[in-house]
Amino acid sequence: MQLLTRDGCTICLRVHAQLAELAGELNFELVSTDVDAEAGAGNPALRAEFGDRLPVILLDGREHSYWEVDEPRLRADLAH
């Protein structure tokens, strides 16, 4: 699972903490990606697509939810 964030985003910090807790319980790997850092490294696509509605949760490379963790849906999707 990938969490798209940006530096200074307090919502991103809250969502990361919630996902980190769920990762321990549900046994998934959580990777955080700062879209601004990626853009600075020559990959502007993530910031261009998601930059106005961070944080975004990607599951298997596809958008799962943004701004909040949809925990019931996430649990159901991870069970499949």
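Tabulated values for the structure
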item	result
Complete set of residues in segment 62-72 that are assigned to a strand (DSSP E or B) and either open to solvent by 70 Å² or more (accessible area, probe 1.4 Å) or within 16 Å of residue 7 (Cβ to Cβ) (or both)	62, 63, 66
The lone exception for residue 6 - which of (1) within 23 Å of residue 78 (Cα to Cα); (2) open to solvent by 60 Å² or more (accessible area, probe 1.4 Å) it fails	(1)
Identity of the residue in segment 42-66, among the small types (Gly, Ala, Ser) and over 9 Å from the mean Cα position of the chain (by Cα), that ends up farthest from residue 22 (Cα to Cα)	42
Residue count, segment 19-61 (criterion: exposed (fewer than 13 other Cβ atoms within 10 Å of the Cβ), assigned to a helix (DSSP H, G or I) and in contact (Cβ under 8 Å) with a residue 24 or more places away in the chain)	0
Failed item in (1) open to solvent by 60 Å² or more (accessible area, probe 1.4 Å); (2) under 9 Å from the mean Cα position of the chain (by Cα); (3) touching a residue at least 40 places away in the same chain (Cβ under 8 Å), with residue 16 passing the rest	(3)
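The values are calculated or read from the model by the stated rules, or taken from the named source; none is laboratory data. Keep in mind that what you see is a predicted model, and the values were worked out from it rather than measured. Cβ sites come from the backbone with ideal geometry, for glycine too, and all protein chains shown count toward neighbours. Heavy atoms of the whole protein, side chains included, go into the accessibility calculation; ligands, DNA and RNA do not. Shrake-Rupley method; radii C 1.70, N 1.55, O 1.52, S 1.80 Å.
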